[in-house]
Structures are given as structure tokens and as C-alpha cells.
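*Asks:* Below is a structure I'd like to ask you about.
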Amino acid sequence: NALLSSLPYLTMVILGFICCPFVRAFEESKVVSTTTSRKIFNTIGQWIPVTTFIWLGYVSANESDLAVVLLTVTVAISSITHFGWQVNHIDLSPHFSGTLVGLTNTAANVMSIIAPLVVGYIVTDPVIFYEMQINI
């Protein structure tokens with residue numbers, strides 16, 4: 001069952017390699033500007049997965065095959081965002097893009113650690129906590 005669990009990421013890699021030449025040709029054709037190209041791929045790479053992910057929430061427990069297909073499509077299509085916002089580091093500084101990726105990735109992960117701590121510090125009303133325990 002290891003293949004089934006890695007299927008979304010395998011299709012993500014394959015789709016990334018398939019789309020690369022098309023994205024390059026699209027940008028080199030000068031039909032649209034680089035900024036518009038980034039926006040198009042960002043939109044495709046985020047709106048289609050949002051739609052399929054919402055649809056995944058309405059799949060019943062006995063439709064596991066459909067759930068796997070939707071999850072695979074969701075993860076695979078989200079790889080198109082690599083042609084949208086993740087190449088921005090190369091646009092900003094081609095020689096130091098690796099350093100920029102490291103810095104921004106570190107900042108994003110630190111915020112993911114800090115956010116729950118800040119929420120726990122701000123939300124301290126014992127009445128709300130008591131009400132949540134009763135409803136559970």
C-alpha cells in the first residue's frame with residue numbers, strides 16, 4: 001500500500017516535468033508578460049485543488065477510490081504553483097535564489113510554530129474553554 005500513499009506525490013512530480021516545457025514555451029512566446037504568466041499558473045495551481053479538496057469533503061466512506069483520485073488530482077495540480085510563486089525567488093535574485101528559498105522557508109516554518117502559541121496565549125477565557133468541553 002506504499003505505492004497508493006505515494007501516488008499523489010508521484011503524479012505531482014510527473015505533472016511538474018510534463019508542464020515544464022509548456023510553461024517555458026508559453027513564457028518565451030511573449031503572448032503574456034512574466035507577471036501575468038505567474039498569476040495564471042498560480043491561479044490554476046490553487047483554485048483547482050481548492051475545488052477538488054472541497055469535493056473530497058463530501059465523499060462518503062464507501063467511495064474510497066474516488067477519494068484517492070480526488071486527493072491525487074488535488075496534490076498533482078497544486079504542483080502548478082511551482083510555476084507561479086515559487087519561481088519568484090529566481091526572478092528576484094538568480095544568483096542567491098537558494099539562500100532566499102532557505103530564508104523564506106525558515107520564516108514560514110517558524111510562523112507555523114509560533115501561531116498556535118500566540119493563539120493559546122490570546123485565547124484564555126475559561127468560560128469559552130468550559131463551554132467547549134460541555135459541547136464535546
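The values are calculated or read from the model by the stated rules, or taken from the named source; none is laboratory data. What you see is a predicted model; the values in this text were computed from it and never measured. A quick note on method: Cβ atoms are made from the backbone with ideal geometry, for glycine too, and the neighbour counts reach across all protein chains shown. Just the protein is used for accessible areas: all its heavy atoms, side chains included, with ligands, DNA and RNA removed. Shrake-Rupley method; radii C 1.70, N 1.55, O 1.52, S 1.80 Å.
*Asks:* Using only the Cα atoms of the chain, what are the Rg and Dmax in Å?
*Replies:* Final numbers for Rg and Dmax: 20.0, 61 Å.
*Asks:* Once phi is turned into θ = phi - 60°, what whole-Hz ³J(HN,Hα) does the Karplus curve with 6.51, -1.76 and 1.60 give for every residue of segment 45-60, x standing for Gly and Pro?
*Replies:* Taking θ as phi minus 60°, the curve returns x, 10, 6, 5, x, 4, 5, 5, 5, 5, 4, 4, x, 9, 7, 6 Hz for segment 45-60.
*Asks:* Still on this model: With the contact rule set at Cα under 8 Å and sequence spacing of 6 or more, what percent relative contact order holds for the chain?
*Replies:* Working: 86 pairs, mean separation 38.7, N = 136.
Once normalised by length, the contact order is 28 percent.
*Asks:* Based on Cβ point charges of +1 for Lys and Arg and -1 for Asp and Glu, what charge dipole magnitude is obtained for segment 8-103 about its Cα centre, in debye rounded to the nearest 20?
*Replies:* Charge dipole, segment 8-103, about its Cα centre: 260 debye, nearest 20.
*Asks:* Using only the Cα atoms of segment 1-51, build the gyration tensor, take square roots of its eigenvalues as a ≥ b ≥ c, and label the shape rounded, prolate or oblate: rounded if a/c is under 1.5, else prolate if a/b is larger than b/c, else oblate.
*Replies:* It is oblate, given that a/c is not under 1.5 and a/b is not larger than b/c.
*Asks:* Accessible area per residue for segment 70-129 in Å², computed with a 1.4 Å probe and the full protein assembly in place, what is it?
*Replies:* Value for segment 70-129: 68 Å² per residue.
*Asks:* Could you give the length gained by full extension between N88 and A25, i.e. 0.36 nm per residue of separation minus their alpha carbon distance, to one decimal place?
*Replies:* 20.9 nm
*Asks:* From the residues T43, L7, V23, which one has its Cα farthest along the dipole of the chain in the positive direction, the dipole being from +1 and -1 charges on Cβ of Lys/Arg and Asp/Glu about the Cα centre?
*Replies:* Result: V23.
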